[in-house]
Amino acid sequence: MFDALVLKQDEDGKATAAVQQLSVDDLPSGDVVVAVEYTTINYKDGLCLSPKGGGLVRQYPHVGGIDFAGTVESSDDDRYKPGDKVVLTGWRVGEVHWGGYAQKARVKADWLVPLPDGLDTRQAMAVGTAGFTSMLSVMALEDHSIKDGPVLVTGAAGGVGSVAVAILAALGHDVAGVTGRPETGDYLKSLGATQIVPREDLNETVKRPLEGETWGGCIDAVGGEMLARVLGQMQYGASVASVGLAGGAGLPATVIPFLLRGVNLLGIDSVMQPYENRLRAWKRIAADLPMDKLEAMVQPATLSDLPKLAADILQGQVKGRVVVDVN
Ligand code: NDP
């Protein structure tokens, strides 16, 4: 028997979560059983743990957790053997398939990635889906060339934002972080941001389709009016990696920045990334994300803290990265 945070639906269709004991027989089908060591909370986990499952959870009872790291306990697949350290992000695990909010998980071998050299399971979850996605965004910007001048990171004090700031700064870029929480300014500077941009400077509706050419690149976790404004402030030929929608799914913009400044809007999806690109991103994380900066982002938690953290992350109130020790 092992502990899991199980979501159950009441008669009114409202889901609530509680830690309970499960057995391996309760787990869904799959070819690898992983003894989970660490998981985390991402914005999407906040949605899955919300009373209506954020439109993502299809069936109850459900075990959430869109990512985890741990040790293979048993495997029917040649690629993995007991004792191997693994990490999982994406593939709709924690949404459609049971996820990492438990001491054990059974998943498809195809969904796993061997833990890269240089990272332990706790560090892998300090990175988590959020940080993995930050690295995918950095790689996409690099593929389109990052221009001189500050690289903007929106939602900077959140998970995606914090890791993006630390990676970009470590790579030698001048980083500007947009935050709605001025009290996180020192924290963002400690991660390597050289400029803090107040959220209110950027969340007003676009009035002029082009503003001054300011940013050499952007990783945007916010979307909505902020992304629309940022497009008009990009340097000629610069790129914006669109990662998130913490501020809204709309895009009230014009096409003028694309047509007159050759600005690129790059879509970033972490869920269905091909295996080879996952390996490449995790290797880059181990190489380019300073571990002392990663540690400075971490707040520790346990399975029973997750319902409160889920509500907090949907309110934009989680700073940096949460690492959940499930044991
Ligand atoms: P967090 O909640 O940790 O970070 C989001 C940050 O956005 C907040 O900390 C806050 O930063 C800012 N923010 C929140 N609400 C607003 C608002 N109304 N207006 C402007 N800024 C706001 O979440 P994550 O970092 O885990 O995820 C960020 C986004 O990225 C989410 O939308 C998530 O769904 C998406 N995502 C997408 C992935 C993909 O594959 N494309 C993978 C992972 C995440 P501050 O306080 O500094 O202003």
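Of all the listed residues (Ser162, Ser190), the sole one being among the polar types (S, T, N, Q) and surrounded by 19 or more Cβ atoms within 10 Å (Cβ to Cβ) is Ser162.
The residues listed here are Met125, Met135; of these, the one that is assigned to a helix (DSSP H, G or I) and more than 16 Å from Lys283 (Cβ to Cβ) is Met125. Restricting attention to segment 208-222, the residues that are in contact with a Lys or Arg (Cβ under 9 Å, 6 or more places away or on another chain) and not acidic (Asp, Glu) total 5. For Asp84, the stated conditions do not hold, so it cannot be described as within 29 Å of Gly316 (Cα to Cα), at pLDDT 95 or above and acidic (Asp, Glu).
For segment 149-197, the set of residues classified as more than 22 Å from Gly237 (Cα to Cα), assigned to a loop (DSSP other than H, G, I, E, B) and in contact with a helix residue (DSSP H, G or I) (Cβ under 7 Å, 6 or more places away or on another chain) consists of Gly155, Ala156, Ala157, Gly180, Gly192, Ala193, listed by residue number. For segment 125-163, a residue qualifies if it is within 17 Å of Gly316 (Cα to Cα) and small (Gly, Ala, Ser), and the qualifying residues are Ala130, Gly131, Gly155, Ala156, Ala157, Gly158, Gly159, Gly161, Ser162.
Looking only at residues of segment 259-277 that are more than 12 Å from the ligand (Cβ to nearest atom) and surrounded by 14 or more Cβ atoms within 10 Å (Cβ to Cβ), we find that the one that is nearest to the chain's Cα centre (by Cα) is Leu265.
Taken together, the residues in segment 100-122 that are in contact with a Phe, Trp or Tyr (Cβ under 7 Å, 6 or more places away or on another chain), in a helix (DSSP H, G or I), more than 16 Å from the ligand (Cβ to nearest atom) and assigned by TED's automatic domain parsing to the domain that holds Leu88 amount to 1.
Take Glu204 and tell me if it is away from the ligand (no atom under 11 Å from the Cβ), more than 22 Å from the chain's Cα centre (by Cα) and surrounded by fewer than 16 Cβ atoms within 10 Å (Cβ to Cβ). Against the criterion (away from the ligand (no atom under 11 Å from the Cβ), more than 22 Å from the chain's Cα centre (by Cα) and surrounded by fewer than 16 Cβ atoms within 10 Å (Cβ to Cβ)), Glu204 qualifies. Within segment 224-258, the residues that satisfy the criterion of being within 14 Å of the ligand (Cβ to nearest atom), of a type outside the set (S, T, N, Q) and part of a strand (DSSP E or B) are Val240, Ala241, Gly248. Scanning segment 58-69 for any residue that is within 23 Å of Ala281 (Cβ to Cβ), in contact with a strand residue (DSSP E or B) (Cβ under 8 Å, 6 or more places away or on another chain), touching a residue at least 60 places away in the same chain (Cβ under 8 Å) and of a type in the set (D, E, K, R) turns up at least one such residue.
The values are calculated or read from the model by the stated rules, or taken from the named source; none is laboratory data. Keep in mind that this is a model prediction, so the values were computed, not measured. We place every Cβ from the backbone using ideal geometry, glycine too, and count neighbours over all the protein chains shown.
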